[in-house]
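Colleague: Take this structure first; my questions come after.
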Protein chains: 2
Amino acid sequence: MDRIKSVGVIGAGMAGLACAGALQAAGIPVALFEKSRGVGGRMATRRTESGSAFDHGAQYFTVRDLRFRQQVEQWCLAGTAALWLGRIIRLEQGVISELNEPIDRYVGLPAMNSIAKSLASKLNVNLNCTIQSIHSFDDGWGLTDSNQVLHGPFGRLVLAIPPQQAIQLTQANLGATQALICDIELAPCWAVMVQFEQRFDVPYDAAFVHQAPFTWVARNSSKPGRDTSDCWVLHASPEWTKEHLEQPADQVAGQLLDEFWHVTGQSPQPVAALAAHRWRFAIPRKPLQQRSIFDPKQRLGLCGDWCGGPRIEGAFLSGIAMAEAILNSPS
Amino acid sequence: MDRIKSVGVIGAGMAGLACAGALQAAGIPVALFEKSRGVGGRMATRRTESGSAFDHGAQYFTVRDLRFRQQVEQWCLAGTAALWLGRIIRLEQGVISELNEPIDRYVGLPAMNSIAKSLASKLNVNLNCTIQSIHSFDDGWGLTDSNQVLHGPFGRLVLAIPPQQAIQLTQANLGATQALICDIELAPCWAVMVQFEQRFDVPYDAAFVHQAPFTWVARNSSKPGRDTSDCWVLHASPEWTKEHLEQPADQVAGQLLDEFWHVTGQSPQPVAALAAHRWRFAIPRKPLQQRSIFDPKQRLGLCGDWCGGPRIEGAFLSGIAMAEAILNSPS
């Protein structure tokens with residue numbers, strides 16, 4: 001007996017949005033619950049007080065799978081995404097080298113969060129709503145938010161959140177799934193946003209940095225549709241981030257800026273704006289081989305970029321796979 | 001016995017947002033439910049395919065009340081609102097005259113919907129969520145959305161929606177309030193958005209039009225922070241709108257554009273983009289004298305710009321008054 005058709009999805013990052021969109025397209029009512037003020041998770045854009053916008057989380061996305069390609073083509077046609085034609089190189093001990101594998105890199109337009117906004121525009125999304133506990137009953141799920149407001153019933157529940165948070169929310173009641181996911185780590189990442197007063201004069205727009213403390217630096221303003229002020233995003237390595245995880249953001253920003261001069265071999269130059277953001281759950285290590293997890297008995301599913309692949313494309317395909325698992329499950 | 005502290009607010013226009021913000025500031029948990037994809041109601045901004053943005057609903061706001069002034073000053077300091085310094089005149093039968101009363105006019109920055117976005121940024125808002133029915137029980141309210149998902153319980157419920165919709169949602173069960181509000185009409189308004197290929201050459205930026213079919217025309221791009229393409233918003237009168245209420249939007253757009261040449265005395269010129277939007281509930285006629293309605297027995301409140309004043313300021317003050325009534329009601 002399954003009288004309740006609707007699906008609740010906790011987490012409105014790429015996986016949750018893709019899952020909800022695919023379910024809704026198949027005629028299933030869906031509601032998303034997101035603890036932060038906007039959708040997109042790490043596909044994020046932050047605006048500084050100076051008005052400049054930085055993609056401080058996910059930097060770009062690539063396309064391998066045919067279904068994702070079709071989606072990306074739609075975004076490009078709608079002006080929601082575009083190719084990033086900046087010059088991207090490899091940087092190690094001051095030596096610049098070309099990347100071996102040329103690959104198309106896409107970004108949201110006019111900012112990375114445009115993709116998620118577009119996916120969410122027709123979905124029921126509950127923002128600034130932290131789900132504190134979930135309750136399973138005969139034929140569905142109820143959710144309680146941090147204001148003690150209940151939402152439901154939902155016939156099925158999807159947790160599109162990091163595995164550690166899923167374990168916590170289910171009170172370690174995931175059965176066989178638990179062993180599968182408890183070792184999946186999402187490594188943290190300190191991101192620095194810096195706006196220079198004048199153009200920072202290096203012969204590239206972004207670099208995969210093979211030198212501590214960075215893994216990546218990028219001229220945000222080399223992406224299409226961005227404003228012209230010279231804005232850069234710097235990503236610290238998981239190792240450096242872990243060592244400085246609880247340090248205040250302004251200290252981290254200053255320290256990493258110092259390192260930036262060193263790693264790029266440039267002398268310090270005037271900065272118009274500087275900020276840092278800590279991503280506590282950023283980069284999946286050893287993602288699961290399967291694209292999504294669905295327990296038909298519990299009517300509970302899990303998805304995310306830690307399922308199937310550590311990329312935006314992986315998160316999208318994980319969400320789609322989650323929706324398909326639900327659509328194919330016995331009612 | 002009032003164990004449930006939280007308040008549910010249906011409608012995330014200015015009144016609902018102001019009410020929710022004031023309650024949350026007083027420590028009351030609040031959840032907003034909004035049927036459309038974004039917050040702000042008529043404080044709206046629409047982007048055409050060409051990428052131009054139009055404030056197609058509320059055009060500006062004025063400030064009389066001290067509390068609203070304090071709020072507007074905060075918005076201006078934060079870069080969320082600014083003075084509109086365009087030249088605004090009166091237009092009648094081709095004759096331009098100056099307005100008698102000079103008054104400061106403010107707009108959202110960079111678009112009218114910025115105000116609502118700012119108010120909503122820390123509030124729990126459930127978007128694309130149509131509340132279909134409400135249920136009163138011993139000490140609270142439950143809401144059912146169009147997906148048959150329940151939300152609640154809320155100790156008190158606020159309907160920040162047009163009176164006709166409030167009557168419908170309560171199934172005409174508003175007691176004495178019903179007689180008070182059933183005659184309040186929100187007149188409709190057809191709004192046309194037109195982008196000219198070159199600057200439309202008239203010696204003003206906006207006009208109160210005293211000639212059918214318009215009441216108002218404005219150069220949207222004369223507002224601060226807008227892009228520079230010459231975008232205009234035209235508002236048809238309630239009378240004309242009612243006569244053409246069910247006409248297709250593209251027909252309405254073409255017809256009103258023809259009238260625009262006539263009313264402004266200009267010859268037709270090339271148009272880059274043209275669209276029309278129908279506001280079914282736009283302009284309160286004979287608003288209520290009181291700022292808000294709260295029935296402590298039903299634990300149900302109503303607010304909106306049809307309570308106390310037909311302006312953005314009126315909607316804000318109505319929401320604040322609603323919050324105060326709730327905070328002062330016996331628990």
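Colleague: Can you name the condition, by its number, that A:K297 falls short on among (1) surrounded by fewer than 19 Cβ atoms within 10 Å (Cβ to Cβ); (2) not assigned by TED's automatic domain parsing to the domain that holds A:A26?
Modeller: (2)
Colleague: Does B:S97 satisfy being surrounded by fewer than 18 Cβ atoms within 10 Å (Cβ to Cβ), part of a strand (DSSP E or B) and not assigned by TED's automatic domain parsing to the domain that holds B:W261?
Modeller: No, not satisfied.
Colleague: May I pose another question? Could you say which residue among B:A166, B:A172 is at positive phi, under 25 Å from the mean Cα position of the chain (by Cα) and not assigned by TED's automatic domain parsing to the domain that holds B:P248?
Modeller: Going through B:A166, B:A172 in turn, the sole match is B:A172.
Colleague: Let me ask another. Tell me, which residue of the range B:136-171 that is small (G, A, S) and within 21 Å of B:L17 (Cβ to Cβ) is surrounded by the most Cβ atoms within 10 Å (Cβ to Cβ)?
Modeller: Per the stated criteria, the residue is B:A160.
Colleague: Quick one: B:H135 ticks every box in (1) in contact with a Cys (Cβ under 8 Å, 6 or more places away or on another chain); (2) within 14 Å of chain A (Cβ to nearest Cβ) except a single one, so which number is it?
Modeller: Looking at each condition in turn, B:H135 falls short on (1).
Colleague: When the residues of the range B:38-75 are filtered to those that are in contact (Cβ under 8 Å) with a residue 24 or more places away in the chain and among the basic types (K, R), which remaining residue is surrounded by the most Cβ atoms within 10 Å (Cβ to Cβ)?
Modeller: Top of the filtered list is B:R42.
Quick grid of which residues meet (1) farther than 30 Å from B:N220 by Cβ; (2) in contact with a Phe, Trp or Tyr (Cβ under 6 Å, 6 or more places away or on another chain); (3) facing chain A (nearest Cβ under 10 Å); (4) not acidic (D, E):
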position: B:I4; (1), (2), (3), (4): yes, no, yes, yes
position: B:G8; (1), (2), (3), (4): yes, yes, yes, yes
position: B:G13; (1), (2), (3), (4): no, no, no, yes
position: B:G16; (1), (2), (3), (4): no, no, no, yes
position: B:A20; (1), (2), (3), (4): no, no, no, yes
position: B:L23; (1), (2), (3), (4): yes, no, no, yes
position: B:A26; (1), (2), (3), (4): yes, no, no, yes
position: B:L32; (1), (2), (3), (4): no, no, yes, yes
position: B:R42; (1), (2), (3), (4): no, no, no, yes
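Colleague: Further, regarding this structure: Restricting the range B:140-154 to residues that are more than 9 Å from chain A (Cβ to nearest Cβ) and at pLDDT 95 or above, which is farthest from B:G41 (Cα to Cα)?
Modeller: My answer is B:W141.
Colleague: Looking at B:A44, B:A26, can you tell me which residue is modelled with pLDDT of 95 or more and in contact with a Leu (Cβ under 7 Å, 6 or more places away or on another chain)?
Modeller: B:A26
Colleague: Any idea which of B:R69, B:R90 is in a strand (DSSP E or B), basic (K, R) and more than 14 Å from chain A (Cβ to nearest Cβ)?
Modeller: Sole residue among the options that is in a strand (DSSP E or B), basic (K, R) and more than 14 Å from chain A (Cβ to nearest Cβ): B:R90.
Colleague: Within the range B:18-37, how many residues turn out to be among the aliphatic types (A, V, I, L, M) and surrounded by fewer than 24 Cβ atoms within 10 Å (Cβ to Cβ)?
Modeller: 4
Colleague: Tell me which residues, restricted to the range B:173-216, are surrounded by fewer than 16 Cβ atoms within 10 Å (Cβ to Cβ) and within 15 Å of B:Q266 (Cβ to Cβ).
Modeller: B:E197, B:Q198, B:R199, B:D201, B:P203 - these are the residues of the range B:173-216 that are surrounded by fewer than 16 Cβ atoms within 10 Å (Cβ to Cβ) and within 15 Å of B:Q266 (Cβ to Cβ).
Colleague: Let me ask something else about it. Of everything in the range A:278-294, what is crowded, with 17+ Cβ neighbours inside 10 Å and within 14 Å of the chain's Cα centre (by Cα)? Give them in sequence order.
Modeller: Result: A:R278, A:W279, A:F281, A:A282, A:I283, A:P284.
Colleague: Another question, if that's okay. So, A:A236, is that one at pLDDT 95 or above, more than 28 Å from A:I10 (Cβ to Cβ) and buried (at least 22 other Cβ atoms within 10 Å of the Cβ) or not?
Modeller: So A:A236 passes the test.
Colleague: Among the residues of the range A:47-61, is any in contact with a strand residue (DSSP E or B) (Cβ under 8 Å, 6 or more places away or on another chain), away from chain B (no Cβ under 14 Å), over 27 Å from B:T80 (Cα atoms) and of a type outside the set (S, T, Y)?
Modeller: yes
Colleague: On to the next question. Identify the residue in the range B:113-132 that is facing another protein chain (nearest Cβ under 10 Å) and of a type in the set (A, V, I, L, M) and, among all such residues, is farthest from B:Q24 (Cα to Cα).
Modeller: Of everything passing the filter in the range B:113-132, B:L127 is farthest from B:Q24 (Cα to Cα).
Colleague: Here is a further query. Can you say whether B:G13 is over 30 Å from B:A276 (Cβ atoms) and at pLDDT 95 or above, as far as the supplied structure shows?
Modeller: No; evaluated as a whole, the condition is false for this residue.
Colleague: For residues that are in contact with a Cys (Cβ under 9 Å, 6 or more places away or on another chain) and either within 13 Å of chain A (Cβ to nearest Cβ) or in contact (Cβ under 8 Å) with a residue 60 or more places away in the chain (or both), tally how many sit in the range B:155-169.
Modeller: The qualifying residues number 5.
Colleague: So for the range B:231-241 (the condition being among the β-branched types (V, I, T), within 26 Å of B:E98 (Cβ to Cβ) and out of contact with any Pro (no Cβ under 8 Å at 6 or more places or on another chain)), does at least one residue qualify?
Modeller: Yes, because at least one residue in the range B:231-241 is among the β-branched types (V, I, T), within 26 Å of B:E98 (Cβ to Cβ) and out of contact with any Pro (no Cβ under 8 Å at 6 or more places or on another chain).
The values are calculated or read from the model by the stated rules, or taken from the named source; none is laboratory data. From a predicted model like this one, the values you see are computed outputs, not experimental measurements. Virtual Cβ from ideal backbone geometry, glycine too; neighbours counted across all protein chains shown.
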